[in-house]
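The next block holds one structure in the form of C-alpha cells; read it before the comments.
Where a number appears in this text, it was derived from the coordinates with a stated rule and is not lab data. Note that this is a predicted model, so its numbers are computed, not measured. Cβ coordinates were reconstructed from backbone atoms using ideal geometry, including for glycine residues, and neighbour counts include every protein chain displayed.
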C-alpha cells in the first residue's frame, strides 16, 4: 500500500509541537471544508487532512507512526509488520480512512462519528445601546448569548455612527464545532429610545419648542445636539411643524447624517388676569384668522 506522509499533508515539520499541529490542522480543515471551500478537490483534501490529524494528534499514535513510518517515503509501498493491526487504535471503528491508516491503527476511521468534522455554527443575538454610545462609539462588556462557544462575558467595540439593524461580527465567538474552529457571533444593534431624539437611519430628529413671539419675530436660540449645544436662527413667521436641517449633525460616518429640528410653537397659558388681558388685546388688535383657507370648503 502507498505510504502517507501525514506531516507533509499538514504542512508541518516532524518535530512540530502538538499545539502548532492543531493550529495547522484547523487552518486546513477550515480551508477545505466542503460547506465553505470553493476548491475543486475540497472534499478529498478535507478527508486527507482529517486522517493526518487523527494519526498525529494522539502522542501514542504519533509515536507509533514515527517509529514504523519514518523510513518510508511518500509513494512507496508500506507493509506493516505482523500483529500491527492491534496496536494503539482500539475502538476507532473503520471505513472512513485510507487502507494505510486502517492497517496502521487497527481499522482506523472515525467510527461514523461525523461530529469530528462538524462545522462550527454562527450565533445571532441582539444588543441594545444608547443613542449616545451609537454616536460616540463605546466599549461594552456583555454576557455571551446562549449557544456561543463560551460562557461569561465578552468585550464588544461599538463603532461610532452605527445604526439599528447593523451587525457586529465577532470571529470565532459562535458555537464550536468538533475538530474545526467555532463559528462567528453576530450582534445586531438596536438603538434604545431616547427622551428627546428620534433616529431615522443616520438622521437625528428633535422637536424644538418655541414661543409665539420667537416664531413671529424670529430669534436666535440654543439647540442641543449629540455633539453639544449650538446657536440656531429661527426665521420670522416660522410655523409649527416647520423643519430646519443641521447638516452633518446626525450620526457620524463616511456620509454623516443630519439633525432635523422640528419647530413646535407652544402657547403660554392664560392663567393670570394679566395674561388673559394680553390675549384679549391680541384678539382685538391683530387681524388674524387661522381658518381663513377653510371658510370656502
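Tabulated values for the structure
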{"read-out": "Calculated diffusion of the stretch 123-191, Stokes-Einstein form, Kirkwood radius summed over Cα pairs, 4 °C and 1.567 mPa s, µm²/s", "value": "105 µm²/s"}
{"read-out": "Burial ordering of 14, 249, fewest other beta-carbon atoms within 10 Å first", "value": "14, 249"}
{"read-out": "Efficiency of FRET between residue 67 and residue 121 - r from beta-carbon atoms, R0 45 angstrom, step 0.05", "value": "0.70"}
{"read-out": "Spacing of the two label points (7 Å from each Cα toward its C-beta) at residue 291 and residue 26, in nm", "value": "7.5 nm"}
{"read-out": "FRET efficiency, residue 213 to residue 171 (Cβ-Cβ, R0 45 Å, nearest 0.05)", "value": "0.15"}
{"read-out": "Antiparallel bridges, percent of DSSP beta bridges restricted to the stretch 158-297 (to nearest 5)", "value": "70 percent"}
{"read-out": "Full-stretch length increase - residue 270, residue 229 - with 0.36 nm per residue and alpha-carbon distance subtracted", "value": "11.6 nm"}
{"read-out": "Whole-angstrom Cα spans of the stretch 154-297 along principal axes, big to small", "value": "87, 36, 31"}
{"read-out": "Sequence of 278, 187, 232 once ranked by neighbouring C-beta atoms within 10 Å, starting from the fewest", "value": "278, 232, 187"}
